[in-house]
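Read through the structure below, which is laid out as structure tokens, and then see the notes.
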Amino acid sequence: MYCNYQEIIAEIRSRSLVRISVAVAQDKGVLAAIKLVQDAGIGEAVLVGDASLIRPLMEEVGLSANTRIIHEVEDSKAALKAVSLVKKGQAHVLMKGLINSSEFLRAVLHKEKGLRTGRLLSHLGAFEVPGEKKLLFITDGGMNIAPTLLEKKQILINAMLALHAMGIPDPKVALLTANEVVNEKMPATLDAKSLVEMSNHGDLPKGLVEGPIALDVAVSLAAAKHKGLDSKIAGNVDLIVVPNIETGNALAKSLLYFAKSKMAGIILGATHPIVMTSRAEAPEGKLNSIALACLVNSQ
Ligand code: COD
């Protein structure tokens, strides 16, 4: 089990070098992250984007002038080109640069040229929260907007398998809602109940799945006791499954901005590792995401 990003980076460094294909690379933070990747001995990059903007930024961050650039000024074409490099085996990892998430994901999902597997693709965020002993994972705050029950099942499967790959054989999973009572007027509670039933029937990967469950109970045993709830995961959760993208996005950004957490963001369910962090993410967070994507997809 990996408790922090340092351990994950050390593992990836011990493996063979990776080549990262960056979609729309004209971003100082992304290029600084690639410099960190090179300095950490993890790998190298192919930069797809506007070469006239990329070159001066490379110089600013001290990235080697030998780094390969593929000139493409249009974002959607640059994204498709970056995807195609991965598809053809010329790069191992796809990374989002200075491009809107939806536009990036459309290239990933392209029917002929994309990296689809036939499964639902989903986003997994990993957070190193100050004061916490282990990483906290959140899904899906980045790709699926308002997942149906069946889509939530696939999101859960993707994330639980990823956690298994990270050395967490029995992940503790909270199906997040606004409270613990199943209420027809709150569809997320009905979905949570159904997902727990699926888990109990063995239809989900191994793990301890509880829900409906509110955030206070998920993260605090004291809160569970206070509410008189007999939770086996309270205060010790590995994975929070959110009911929709807005909840996931807001929870992630609260952890980043209020709790000063470190985040990594990856897309699961594709043919290759995909890194998708927010544009505001610091270079270190992007490096963490690359390492995490490599770890999860190599299993
Ligand atoms: N996994 C696999 N296939 C998918 C998925 C998925 N998650 N989503 C759509 N598809 C397939 C559909 O089956 C269909 O064949 C095709 O893709 C198009 O489907 P649409 O029309 O529903 O999809 P789009 O192109 O309108 O939207 C897909 C996006 C992923 C772009 C969209 O869901 C989106 O914008 N998500 C939010 C991204 C975002 O803003 N994130 C926040 C950043 S932090």
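The values are calculated or read from the model by the stated rules, or taken from the named source; none is laboratory data. The structure displayed is predicted, hence computed values, not measured ones. Cβ sites come from the backbone with ideal geometry, for glycine too, and all protein chains shown count toward neighbours. Just the protein is used for accessible areas: all its heavy atoms, side chains included, with ligands, DNA and RNA removed. Shrake-Rupley method; radii C 1.70, N 1.55, O 1.52, S 1.80 Å.
Taking the condition open to solvent by less than 30 Å² (accessible area, probe 1.4 Å) and hydroxyl-bearing (Ser, Thr, Tyr), does Thr148 pass? No; evaluated as a whole, the condition is false for this residue.
Out of Leu98, Leu105, Leu94, I need the residue that is within 22 Å of Ser21 (Cβ to Cβ), within 12 Å of the ligand (Cβ to nearest atom), out of contact with any Phe, Trp or Tyr (no Cβ under 6 Å at 6 or more places or on another chain) and open to solvent by less than 70 Å² (accessible area, probe 1.4 Å). Which one? Even if it seems obvious, please write down each step before you answer.
Details: Leu98 fails: within 12 Å of the ligand (Cβ to nearest atom); Leu94 fails: within 12 Å of the ligand (Cβ to nearest atom).
Matching residue, one of Leu98, Leu105, Leu94: Leu105.
Restricting to the range 27-73, give me the number of residues that are of a type outside the set (Gly, Ala, Ser), open to solvent by 20 Å² or more (accessible area, probe 1.4 Å) and closer than 17 Å to Glu281 by Cβ.
Final tally of qualifying residues: 6.
Against the criterion of being modelled with pLDDT of 95 or more and touching a Lys or Arg at 6+ places or on another chain (Cβ under 9 Å), Leu208 qualifies. Of the residues screened, Leu80 is one that is more than 20 Å from the chain's Cα centre (by Cα) and away from the ligand (no atom under 13 Å from the Cβ). Taking Ala178, is it surrounded by fewer than 19 Cβ atoms within 10 Å (Cβ to Cβ) and farther than 24 Å from Leu292 by Cα? It is true that Ala178 is surrounded by fewer than 19 Cβ atoms within 10 Å (Cβ to Cβ) and farther than 24 Å from Leu292 by Cα. Of Gly211, Gly202, all but one fail to be free of Cβ contacts under 8 Å to residues at least 12 places away in the same chain and in the same structural domain as Lys232 (by TED's automatic domain parsing); the exception is Gly202.
Residues in the range 244-269 that are within 15 Å of the ligand (Cβ to nearest atom), open to solvent by 30 Å² or more (accessible area, probe 1.4 Å) and not hydrophobic (A, V, I, L, M, F, W, C): 7 in all.
Can you pull out every residue in the range 74-91 that is touching a residue at least 60 places away in the same chain (Cβ under 8 Å) and open to solvent by less than 60 Å² (accessible area, probe 1.4 Å)? Those that are touching a residue at least 60 places away in the same chain (Cβ under 8 Å) and open to solvent by less than 60 Å² (accessible area, probe 1.4 Å): Ala82, Val83, Leu85, Val86, Ala91. Restricting attention to the range 274-287, the residues that are at pLDDT below 95 and under 19 Å from Asn158 (Cβ atoms) add up to 1. In the range 133-156, what residues are touching a residue at least 12 places away in the same chain (Cβ under 8 Å) and part of a helix (DSSP H, G or I)? Leu149, Glu151, Lys152, Lys153, Gln154, Ile155, Leu156 - these are the residues of the range 133-156 that are touching a residue at least 12 places away in the same chain (Cβ under 8 Å) and part of a helix (DSSP H, G or I). Would you point out which residue out of Ala146, Ala126, Ala165, Ala159 is away from the ligand (no atom under 12 Å from the Cβ) and closer than 23 Å to Ser194 by Cβ? Result of the check over Ala146, Ala126, Ala165, Ala159: Ala159.
Across the range 270-290, the qualifying residues are those that are β-branched (Val, Ile, Thr) and within 14 Å of the ligand (Cβ to nearest atom), and the one among them that is farthest from the chain's Cα centre (by Cα) is Thr271. For the residues Ser84, Ser21, Ser14, the requirement of being farther than 29 Å from Leu163 by Cβ and not β-branched (Val, Ile, Thr) singles out Ser84.
The set of residues from the range 18-27 being under 21 Å from the mean Cα position of the chain (by Cα) and modelled with pLDDT of 95 or more comprises Arg19, Ile20, Ser21, Val22, Ala23, Val24, Ala25, Asp27.
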